[in-house]
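Chemist: Structure below; questions to follow.
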Amino acid sequence: MNATLRRLSTVVMVMFLALMVSTTWIQFVSAGSLNENPRNVRGTYSALSRDRGPIVVKGGEAIATSVPVEDNYKYQRTYSDGDAGAAAVYAPLTGYYSVVGTISGMERYANSYLAGEDDSLWLDRLQNLITGEEAQGSSVELTIDPKVQKAAWDALGDYTGAAVAMDPKTGAILAMVSKPSYDPNPLASHDSEAARVAAEKVINDKPRVNSVGGEERFSPYGPTINRTINATFPPGSTFKLLTSAAAIEYDGKTPDTEIPAPNTYTLPGTSTDVANFGGIPCAASQQMTLLEALEISCNTAFLNLADEVGKDGMQRMFQDFGFTDSIEVPMTTSVGAYPGLIGGENDDDSDARIALSGIGQGSVRMTPLQVAMISAAIANDGDLMEPYLIQSVRDSDLELVSQTKPSRYKSPFSSSTADALTKMMEAVVSNGSGKGAQIPGVAVAGKTGTAQDEPRSPSLWFTSFAPADDPQVAVAVVLENEGQSTNETTGGALASPIAKQIMQAAISK
Amino acid sequence: MSILQPEEKAPARVAEAVLLLVALALGMGGMWMVGYSLEDGLPEGFWTYSIVLAALAFTMHIVLRLRAPYADQVILPAVVLLNSVSMAMILRQDLDGINGANASRHLMWTALGIVVAAVALFVIRDHRSLRRLTYTAMVVGIVLVVLPLIPGLGREINGARIWIYVGSFSLQPAEFAKIAFAVFFAGYLVANRDTLALAGKKFLGLQLPRLRDLGPILIVWAVSLAVLIGEKDLGTSLLFFGLFVGMLYLATDRVGWIVIGLAMFAGGAVVAWSIFSHVQLRVNIWLDALNPELMGGPSFQLVQGLFAMSYGGMFGAGWGGGYPEYVPFAFSDFIYAALGEELGLTGLLAILLVYLVIVQRGLRHAVGVRDGFGKLLAGGLAFVMALQLFVVVGGITRLIPLTGLTLPFMAQGGSSLLANWIVIALMLRISDAARRPSALPTRGALAEPVPAAVSNSGAIEVGGPGVGPVQAGTEAGAGRNTTPDDATQIVRGVDL
């Protein structure tokens, strides 16, 4: 029997070996794919159950914090201490940190810092490994100035739209408001079903917008879309700044150059006539200076001017602003559309389309941040600074990990062109369509826009910077389809007062 | 009892005591880390659990010194290690409020198991006395297997009818039945092994048994199938049948039996698979566990176990770092997955090695012990433990279809703990007999007739009055001299 016992012992060995192999197979060989299985909640837990660093705004106020709780996730991500109203103000910035898998905004794009995983934090991680302490995320300080943010939020009121303010000298974004907004707190609920329901609700809750015919229309953008960087609109007359810049920079025009301003303009190669706003002639002589044309936002003058500059010049200026590229602020911004560049209707770059683009119509589309960047470039002598949101990153011991150094993004035109454009924009605010943005004692430079977006109602724009002689803030405001094609509902009437309040808040610090 | 001469010079079992300290330290360390991971302090009841476990382990140690001084010194620490590590895991789940995990109950059953094992060592002074109980054991085994099928007594839980309820206590009689069957098979086979081994024709190089000798294996096969069909418990069925086939092979050295046994089991399993939807489902879960359609329901537990283990990876999430609440029955049937999550592959391989040590020591003592009954019993008990481990761990790691067996000494559950501690008591008892110094040459040495041997048998008072001689008589009655090795050892076994 001893022989069989020994053979049985070999069989037992083989059985154990099989168990060791199968255990190794699960825990080592296929562990990666099992961990990534979408049904495996553990990966989510281990990733989500971290003491994430806070997101703070200028002055130290935390708009997102991790609060210890007694559940699997260990920490509940909380926005503005759970205050729904305050959280909505900052929602486009913070985004939300959902346990059902969706992460957006700063939570997503600054995740490596917030979760304490960034390569720059290797020393902290090494320390944690040795001391056995749980990894703590770093705090991310934003460039957002709560005072400016609040002013922009309040000024936008109940409009559907967006407002963005930046420091033209650095590119630091001071305010970023998108309306309608949402409260990210319910989306971060640890009750995955509740979080899912809350997310679905705000994602699908597309706001109703006005339409020309009065029929029911909805914005393509829900509350969770950051309209300042991820929504594009026809820029309308604010684009005349870019047309002017091209004309001055490439064609040697000056603010005083007389340009044709016909009563109607026939788009080249077509029989389509375009008139001015309200059908009113720009000038009896059908001639006016470039400055006057911008001041009253004469459409026919800029249609003609764009045609004169031509496709190559207009496209070059659009590209020189970097509008065909995405920026990481760190959130990824949407790119703009221009005929023959990106997008556009069938990417039609006929002369008619180029002419139409001169007044920001046709297939031109831009984000509010891009419109603000036009003002910022003009304000900063033709040097467009790269927009950014993260001021600094500090580790859990409050030691500085990184700090953003302002950098030049593009130089679309010379400083003399910038000076000329500043002069023209000042005239817009002091005498022209942008009077609503006047601030007593401060020289404001701005440009209105009332962009047709048929069949929707026009979107109203205002972009500006102030003070004109020493710019501290550049702004863009858009009111999505809030126009009614009347003089009372133009960019100048509705959007410029909003921009004014934002600029005031920024200057008066 | 001053006649117990060998024990005066008996080993002091220092190695065992030292190893016990190591085993207890590992368990206590686990509980300590659990506490600091979950509650930032020593877990509630830490000292109670630690002291009770230590007291029990050293009681057993002292009992062994008194009653089985030559017994294996590694088996007890190995078992205590497994038991106290499982204590930490169940305490960890208890602290987490996982429904069903109950550390104090686990401790209670552990205590009961160790006490019963100690008593068994006291009462059973010679394992050969069990041979008298051969047919009693058969009846007991069959009764135990049938118990859960009795209406009112048995209860179906999670699709398997393997439980009986007595008052508020639930028992899994199959756990005890495996001991009874091991005793029965050992007794039956030691008496009939020659007939089973030598009679019959050769066919295709295999020595086939005679038809009339097939009786017992048919009975066991029927019992296994009854378990499989009536109680829907593939694991227990596999366990019994595997035990019998393994012991049959041990006794007869005939591969033919294994082939026949495996064929019969496979046949039965295929028939069951084609008839019963629950068996089909088990197989589908096994083959296609990660199918999203199955993951939500039928294969949920298995897949959660896989997720737990993969999350543990090489080194584990650490004590208290896993999510056992997502694995149904992480404290009993799936404790292997819970351990894998927190202790990692390293921990599980260590645990498997500890089991391997126990099983291989058991088999080693089967080789060492001199009587055929002891060899078969020790070999059978060691093999049944290996088999149980294979069925449990193999099921969790998708080597074979998942069945509802428990991990010996680790899973929370009274029957399993109690039964396996009895197995350990028997193993220790046989190891004592195997390692007890003998004046005569032992295995491997050619036997010479030792007529004086039997006359010396009066000296063995160890087995208690009467037991030794009676056993000697029966062994002699079996009268087999075919293999000098075994036969003479049986006689010598009496002679101390």
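Chemist: Show the residue pairs meeting these rules: Cβ distance below 8 Å; 6+ apart or different chains; first residue within region A:217-234 and surrounded by fewer than 20 Cβ atoms within 10 Å (Cβ to Cβ); second residue modelled with pLDDT under 90 and among the acidic types (Asp, Glu).
Modeler: Close Cβ pairs satisfying both conditions: A:222/A:205.
Every residue, every condition in (1) among the acidic types (Asp, Glu); (2) assigned to a strand (DSSP E or B), yes or no:
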residue: A:34; (1), (2): no, no
residue: A:42; (1), (2): no, no
residue: A:45; (1), (2): no, no
residue: A:58; (1), (2): no, no
residue: A:76; (1), (2): no, yes
residue: A:81; (1), (2): yes, no
residue: A:87; (1), (2): no, no
residue: A:93; (1), (2): no, no
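Chemist: Any idea how many residues of region A:183-208 are in contact (Cβ under 8 Å) with a residue 12 or more places away in the chain and either aliphatic (A, V, I, L, M) or surrounded by fewer than 24 Cβ atoms within 10 Å (Cβ to Cβ) (or both)?
Modeler: Here the count works out to 18.
Chemist: State whether the residues of region A:81-104 include one that is in contact with a Ser or Thr (Cβ under 7 Å, 6 or more places away or on another chain) and either closer than 30 Å to residue B:360 by Cα or among the charged types (D, E, K, R) (or both).
Modeler: no
Chemist: Out of B:141, B:97, report the one residue that is small (Gly, Ala, Ser), surrounded by 16 or more Cβ atoms within 10 Å (Cβ to Cβ) and farther than 19 Å from residue B:84 by Cβ.
Modeler: B:141
Chemist: Is there a residue in region B:292-303 that is under 18 Å from residue B:412 (Cα atoms) and facing chain A (nearest Cβ under 9 Å)?
Modeler: no
Chemist: Look through A:307, A:347, A:325, A:273 and report the one residue that is free of Cβ contacts under 8 Å to residues at least 60 places away in the same chain, within 27 Å of the chain's Cα centre (by Cα) and more than 22 Å from residue A:162 (Cα to Cα).
Modeler: Just a single option satisfies the conditions, and that option is A:347.
Chemist: Kindly list the number of the only condition in (1) at the interface with another protein chain (Cβ under 9 Å from one of its Cβ atoms); (2) among the aromatic types (Phe, Trp, Tyr); (3) farther than 22 Å from residue B:305 by Cα that fails for residue B:355.
Modeler: So residue B:355 meets the others, but not (3).
Chemist: Take the conditions in contact with a strand residue (DSSP E or B) (Cβ under 9 Å, 6 or more places away or on another chain) and either among the acidic types (Asp, Glu) or within 14 Å of another protein chain (Cβ to nearest Cβ) (or both) and apply them to residue A:51. Does it pass?
Modeler: When the stated conditions are applied, residue A:51 passes them.
Chemist: Right, next: Name the pairs whose Cβ atoms lie under 9 Å apart, with the first residue in region A:19-30 and facing another protein chain (nearest Cβ under 7 Å), the second outside any helix (DSSP H, G or I) and surrounded by fewer than 18 Cβ atoms within 10 Å (Cβ to Cβ), and 6 or more positions between them or separate chains?
Modeler: That search, which allows pairs on different chains as well, returns A:27/B:314; A:28/B:314.
Chemist: Shifting gears a bit: Take region A:382-400 and flag every residue that is of a type in the set (A, V, I, L, M), farther than 16 Å from residue A:167 by Cβ and buried (at least 18 other Cβ atoms within 10 Å of the Cβ).
Modeler: If the condition is that a residue be of a type in the set (A, V, I, L, M), farther than 16 Å from residue A:167 by Cβ and buried (at least 18 other Cβ atoms within 10 Å of the Cβ), then A:393 is the only one that fits.
Chemist: Moving on. Do we find that residue B:340 is touching a Gly at 6+ places or on another chain (Cβ under 9 Å) and facing chain A (nearest Cβ under 9 Å) in this structure?
Modeler: For residue B:340, the condition - touching a Gly at 6+ places or on another chain (Cβ under 9 Å) and facing chain A (nearest Cβ under 9 Å) - is met.
Chemist: Sticking with this structure for a sec: Can you tell me how many residues within region B:304-337 are among the acidic types (Asp, Glu) and within 11 Å of chain A (Cβ to nearest Cβ)?
Modeler: 1
Chemist: On to the next question. Any residue at all in region B:110-123 that's within 30 Å of residue B:49 (Cβ to Cβ), among the hydroxyl-bearing types (Ser, Thr, Tyr) and over 22 Å from the mean Cα position of the chain (by Cα)?
Modeler: No, region B:110-123 contains no residue that is within 30 Å of residue B:49 (Cβ to Cβ), among the hydroxyl-bearing types (Ser, Thr, Tyr) and over 22 Å from the mean Cα position of the chain (by Cα).
Chemist: Taking region B:101-117, which residues are of a type in the set (Gly, Ala, Ser) and surrounded by fewer than 21 Cβ atoms within 10 Å (Cβ to Cβ)?
Modeler: Those that are of a type in the set (Gly, Ala, Ser) and surrounded by fewer than 21 Cβ atoms within 10 Å (Cβ to Cβ): B:104, B:111.
Chemist: Oh, and also: Run down B:147, B:130 and say which single residue is in contact with a Gly (Cβ under 8 Å, 6 or more places away or on another chain), free of Cβ contacts under 8 Å to residues at least 40 places away in the same chain and not in a strand (DSSP E or B).
Modeler: The conditions single out B:147.
Chemist: Checking the condition at pLDDT 90 or above, over 30 Å from residue A:217 (Cα atoms) and surrounded by fewer than 24 Cβ atoms within 10 Å (Cβ to Cβ), which residue from A:441, A:436, A:432, A:446 passes?
Modeler: A:441
Chemist: Please give the number of the condition residue A:149 fails out of (1) at pLDDT below 95; (2) assigned to a helix (DSSP H, G or I).
Modeler: Of everything listed in (1) at pLDDT below 95; (2) assigned to a helix (DSSP H, G or I), residue A:149 misses just condition (1).
Chemist: Starting from region A:462-477, keep only residues that are surrounded by fewer than 20 Cβ atoms within 10 Å (Cβ to Cβ), then list their pairs with residues that are among the polar types (S, T, N, Q) whose Cβ atoms are within a distance under 9 Å, requiring at least 6 positions of separation or different chains.
Modeler: A:469/A:422
Chemist: Which residue, of B:391, B:357, B:369, is within 15 Å of the chain's Cα centre (by Cα) and modelled with pLDDT under 95?
Modeler: None of the other options fit; the residue is B:391.
Chemist: Does residue B:368 meet the test of being surrounded by 24 or more Cβ atoms within 10 Å (Cβ to Cβ) and either facing chain A (nearest Cβ under 10 Å) or touching a His at 6+ places or on another chain (Cβ under 7 Å) (or both)?
Modeler: For residue B:368, the condition - surrounded by 24 or more Cβ atoms within 10 Å (Cβ to Cβ) and either facing chain A (nearest Cβ under 10 Å) or touching a His at 6+ places or on another chain (Cβ under 7 Å) (or both) - is not met.
Chemist: What number of residues in region B:380-416 are touching a Ser or Thr at 6+ places or on another chain (Cβ under 8 Å), assigned to a helix (DSSP H, G or I) and within 7 Å of chain A (Cβ to nearest Cβ)?
Modeler: Residues in region B:380-416 being touching a Ser or Thr at 6+ places or on another chain (Cβ under 8 Å), assigned to a helix (DSSP H, G or I) and within 7 Å of chain A (Cβ to nearest Cβ): 2 in total.
Chemist: Condition test on residue A:397, is it more than 21 Å from residue A:380 (Cα to Cα), of a type in the set (Asp, Glu) and under 21 Å from the mean Cα position of the chain (by Cα)?
Modeler: The answer is no for residue A:397.
Chemist: Could you check, for region A:258-276, whether at least one of its residues is under 19 Å from residue A:348 (Cβ atoms) and among the aromatic types (Phe, Trp, Tyr)?
Modeler: Yes, because at least one residue in region A:258-276 is under 19 Å from residue A:348 (Cβ atoms) and among the aromatic types (Phe, Trp, Tyr).
Chemist: Another question, if that's okay. Across region B:34-70, what is the total count of residues that are over 25 Å from the mean Cα position of the chain (by Cα) and either modelled with pLDDT under 90 or not in a helix (DSSP H, G or I) (or both)?
Modeler: Here the count works out to 12.
Chemist: Let me ask something else about it. Mind listing whichever residues of region A:240-297 are acidic (Asp, Glu) and crowded, with 18+ Cβ neighbours inside 10 Å?
Modeler: Answer for region A:240-297, where residues must be acidic (Asp, Glu) and crowded, with 18+ Cβ neighbours inside 10 Å: A:249, A:292, A:295.
Chemist: State the number of residues belonging to region B:86-105 that are more than 18 Å from the chain's Cα centre (by Cα) and in a helix (DSSP H, G or I).
Modeler: Matching residues across region B:86-105 total 12.
Chemist: Which of the residues that make up region B:253-279 are more than 14 Å from chain A (Cβ to nearest Cβ), loosely packed, with under 14 Cβ neighbours inside 10 Å and under 24 Å from the mean Cα position of the chain (by Cα)?
Modeler: Passing the criteria: only B:266.
Chemist: Within region A:446-481, can you find the residues that are under 24 Å from residue A:381 (Cα atoms) and over 22 Å from the mean Cα position of the chain (by Cα)?
Modeler: A:467, A:468, A:469, A:470
Chemist: Let me spell it out: the conditions are (1) modelled with pLDDT of 80 or more; (2) out of contact with any Asp or Glu (no Cβ under 7 Å at 6 or more places or on another chain), and residue B:153 meets all of them except one. Which number is the exception?
Modeler: (1)
The values are calculated or read from the model by the stated rules, or taken from the named source; none is laboratory data. Computed from a predicted structure; not experimentally measured. Glycine also receives a Cβ, built like all others from the backbone with ideal geometry; neighbour counts cover every protein chain displayed.
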